[in-house]
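Notes follow once the structure below has been shown.
The values are calculated or read from the model by the stated rules, or taken from the named source; none is laboratory data. Fair warning: this is a prediction, and the values are worked out from it, not measured in the lab. Please note: Cβ atoms are built from the backbone with ideal geometry, for glycine as well, and neighbour counts cover all protein chains shown. Calculation scope for accessible area: heavy atoms of the full protein, side chains included, ligands and nucleic acids excluded. Shrake-Rupley method; radii C 1.70, N 1.55, O 1.52, S 1.80 Å.
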Amino acid sequence: FVFGHKSPDTDSICSAISLAYLKNKLGVEAKAYALEEPRKEAKFVLDYFKVEAPEVLSAGAIKGQDVALVDHNEVAQTADDIAEANLVEVIDHHKIGCLSTDLPISVRIMPVGCTCTIIYNLFKENNVEIPYEIAGLLLSAILSDTLLFKSPTTTEMDKLACEELSKIANVDMESYAMEM
Ligand code: MN
Ligand code: MN
């Protein structure tokens with residue numbers, strides 16, 4: 001179960017879908033979920049790249065299941081029944097909150113502009129090819145979170161990722177970001 005925060009923005013939706021895709025490519029069964037219906041911009045992005053919205057997580061579904069959190073790590077922002085799940089991984093770009101676990105877990109938190117920038121680098125590290133629609137989702141989230149690189153949280157890593165992703169997704173960043 002891979003999911004982002006409540007009131008899912010573009011990064012929460014796109015990072016969940018992209019990480020689930022990567023996990024499956026690496027032989028780990030994974031599925032993206034959303035805690036609620038995606039916000040308007042995220043819906044636009046899904047429509048644009050013709051990707052289905054993640055299923056909204058139903059109450060009790062994660063009980064005893066392996067869970068990976070993306071784009072958040074704070075208890076208040078996650079599934080209400082997170083304590084009943086088996087948290088195995090966190091990939092995020094926010095400050096560390098107060099989630100605690102019983103067992104050691106895999107954590108990747110970096111001070112970059114977007115969770116999708118970290119996931120882009122995970123594709124690279126694992127030598128997994130990024131297909132058109134995943135490139136589109138990753139790019140959209142980075143453009144959204146960094147406000148087209150105008151946000152002070154923007155890093156060189158975000159820009160480098162977008163350079164390649166915009167080519168795979170075949171979009172002009174400026175005009176696409178405005179449309180988005
Ligand atoms: Mn977010
Ligand atoms: Mn984010």
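With the condition kept exactly as written, say whether any residue in segment 10-27 is part of a loop (DSSP other than H, G, I, E, B) and closer than 29 Å to ALA177 by Cα.
Filtering segment 10-27 for residues part of a loop (DSSP other than H, G, I, E, B) gives 26-27.
Checking which are closer than 29 Å to ALA177 by Cα leaves us with none.
There is no residue in segment 10-27 that is part of a loop (DSSP other than H, G, I, E, B) and closer than 29 Å to ALA177 by Cα.
Before we move on, is LEU19 over 13 Å from the mean Cα position of the chain (by Cα) and either surrounded by fewer than 21 Cβ atoms within 10 Å (Cβ to Cβ) or within 16 Å of ligand 1 (Cβ to nearest atom) (or both)?
Working: over 13 Å from the mean Cα position of the chain (by Cα): no; either surrounded by fewer than 21 Cβ atoms within 10 Å (Cβ to Cβ) or within 16 Å of ligand 1 (Cβ to nearest atom) (or both): yes.
So LEU19 does not fit the description; no.
Just to be sure I understand, how many residues within segment 92-110 are over 16 Å from the mean Cα position of the chain (by Cα), among the acidic types (Asp, Glu) and within 15 Å of ligand 1 (Cβ to nearest atom)?
Qualifying residue count, segment 92-110: 0.
Does VAL112 count as open to solvent by less than 50 Å² (accessible area, probe 1.4 Å) and either within 12 Å of ligand 2 (Cβ to nearest atom) or assigned to a helix (DSSP H, G or I) (or both)? Steps first, please.
On the way: open to solvent by less than 50 Å² (accessible area, probe 1.4 Å): yes; either within 12 Å of ligand 2 (Cβ to nearest atom) or assigned to a helix (DSSP H, G or I) (or both): yes.
When the stated conditions are applied, VAL112 passes them.
Sort out which residues of segment 124-149 are in a helix (DSSP H, G or I) and either among the aromatic types (Phe, Trp, Tyr) or surrounded by fewer than 22 Cβ atoms within 10 Å (Cβ to Cβ) (or both), and write them in order of number.
Narrowing segment 124-149 to residues in a helix (DSSP H, G or I): 124-125, 132-145.
The answer is LYS124, GLU125, TYR132, GLU133.
Looking at segment 150-173, which of its residues are over 17 Å from GLY113 (Cα atoms), part of a helix (DSSP H, G or I) and open to solvent by 40 Å² or more (accessible area, probe 1.4 Å)?
Listed by number, the residues that qualify are LYS167, ILE168.
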